[in-house]
Amino acid sequence: MKFKLNIYIVFVSLFVASSTVKAQMHTVPAPIFIDPNYGGPCDPEIVWNEYDQMWYIYYTARRPKLDNTWLRTPIGVAVTKDLLNWEFKGYCKFDGIGGTKDASSTYWAPAIISANDTLHMFVTWKPDTVPTKGAWGGQGWIIHYKTPLSDPVNGWQKVGCLHEDNLNTIDATVYRKDGLYHVWFKGKEIGAKKNELYHLASHDLQEWKKLGFSESDVFNAKATGSNFEEAPFIFRWQNKYWLITDPHDGFFVYNSDDAESWKFQGTILKEGGTRNLDNSMARHGSVAVKDGRAFIFYHVEPWRRYDLEKLKGVGRKRIFDQPLKNRESVLQMAELELINEELICNRNKLIVLE
């Protein structure tokens with residue numbers, strides 16, 4: 001009897017050990033990616049490429065090792081088959097130009113959708129390459145580029161600009177609903193004081209119809225208590241549309257039945273987590289839905305001293321006054337959950353994939 005019990009204990013121990021190793025092999029790392037050149041990946045946008053059956057993240061490749069951190073930024077690319085092991089694929093070429101860690105103009109915050117064997121990107125573009133108009137540069141435009149699925153890094157060709165020159169814009173998001181493509185972006189007319197959330201729609205990704213501003217809780221200080229938010233991202237999950245924005249204080253979360261009337265839910269990912277280099281507020285996110293599960297991708301600036309930026313008076317230190325190390329960033333991944341119809345995210349929870 002004792003012999004049989006020992007055999008059973010050994011079997012159970014081996015099974016537990018094997019299960020533990022398997023779980024470790026399929027556990028999402030933290031962080032998932034760091035740009036190999038300047039170490040400043042931000043604004044991740046994740047998209048599935050049917051051609052090569054890979055997940056792609058396109059990101060703003062900031063240059064934190066240089067004083068001119070936020071301009072001349074290209075769009076970097078990282079890929080994976082399993083959401084676990086990410087590989088750097090280089091920097092996008094636009095109209096045959098680029099592909100290096102220092103761009104000839106400035107590209108921020110790509111929004112990407114796949115349609116008809118083609119990837120479409122709506123990216124913030126600025127001609128500024130030196131900070132004569134401030135660290136963030138001057139006016140921005142939302143530019144539409146496209147490329148075949150088979151050439152997702154070097155094949156980008158310009159389609160056009162989504163608005164007139166009287167707008168200063170940033171941070172687009174794109175989604176498809178009822179046969180129409182929708183693009184939202186933050187912007188305001190030159191000289192205006194207030195930013196709006198602009199909304200355009202198209203049936204063919206060529207001709208765009210203006211659908212006006214969002215008039216619900218989003219970009220509405222009365223609903224959120226904040227006069228600032230950016231980086232909208234819209235996705236559908238669990239029979240609802242969700243919108244997340246970045247108020248530089250975690251993520252605001254909104255939901256909607258029709259992707260028009262947005263109801264403010266609250267804030268997620270405000271407090272830093274315990275995982276490696278996930279110790280600060282999440283910034284500028286996007287979401288991938290896979291096998292019914294929703295995963296949020298975001299950047300973190302682990303060394304940034306947000307506390308100094310909140311100080312008033314002579315001692316105040318903004319991000320561009322801090323050491324270059326404080327500007328470095330990483331990409332992280334966490335899982336979203338829906339509990340009592342509320343979107344939540346425990347960034348400390350290990351993510352195990354099949």
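If the condition is being among the hydroxyl-bearing types (Ser, Thr, Tyr) and outside any strand (DSSP E or B), then region 46-62 contributes only 51. Looking at region 294-314, can you tell me whether even one residue there is at positive phi, touching a residue at least 12 places away in the same chain (Cβ under 8 Å) and not aromatic (Phe, Trp, Tyr)? Among the residues of region 294-314, not one is at positive phi, touching a residue at least 12 places away in the same chain (Cβ under 8 Å) and not aromatic (Phe, Trp, Tyr), which makes the answer no.
Among the residues making up region 217-250, a single one is touching a Ser or Thr at 6+ places or on another chain (Cβ under 7 Å), outside any strand (DSSP E or B) and at positive phi: 250. Scanning region 67-110 for residues that are in a strand (DSSP E or B) and either free of Cβ contacts under 8 Å to residues at least 24 places away in the same chain or farther than 15 Å from residue 143 by Cα (or both) yields a count of 12. Restricting region 33-92 to residues that are basic (Lys, Arg) and in contact with a helix residue (DSSP H, G or I) (Cβ under 8 Å, 6 or more places away or on another chain), the residue that is farthest from residue 284 (Cα to Cα) is 65. Go through the residues of region 111-127 one by one and say whether even a single one is touching a Lys or Arg at 6+ places or on another chain (Cβ under 7 Å), on the phi > 0 side of the Ramachandran plot and in contact (Cβ under 8 Å) with a residue 60 or more places away in the chain. No; the residues of region 111-127 include none that is touching a Lys or Arg at 6+ places or on another chain (Cβ under 7 Å), on the phi > 0 side of the Ramachandran plot and in contact (Cβ under 8 Å) with a residue 60 or more places away in the chain. Scanning region 135-160 for residues that are within 25 Å of residue 194 (Cβ to Cβ), in contact with a Leu (Cβ under 6 Å, 6 or more places away or on another chain) and part of a strand (DSSP E or B) yields one hit, 142. Being surrounded by 14 or more Cβ atoms within 10 Å (Cβ to Cβ), more than 20 Å from residue 44 (Cβ to Cβ), among the polar types (S, T, N, Q) and without any contact (Cβ under 8 Å) to a residue 24 or more places away in the chain is the requirement here; does residue 322 meet it? Yes.
Filtered by the rule that a residue be surrounded by fewer than 16 Cβ atoms within 10 Å (Cβ to Cβ) and small (Gly, Ala, Ser), region 48-75 gives no residues. Would it be correct to say that residue 163 is in a strand (DSSP E or B) and at pLDDT 95 or above? Considered against the rule, which asks whether it is in a strand (DSSP E or B) and at pLDDT 95 or above, residue 163 comes out as no.
The values are calculated or read from the model by the stated rules, or taken from the named source; none is laboratory data. Keep in mind the model is a prediction, meaning the values are calculated, not measured. Don't worry about glycine lacking a Cβ; one is built from the backbone with ideal geometry, like all the others, and counts go over all protein chains shown.
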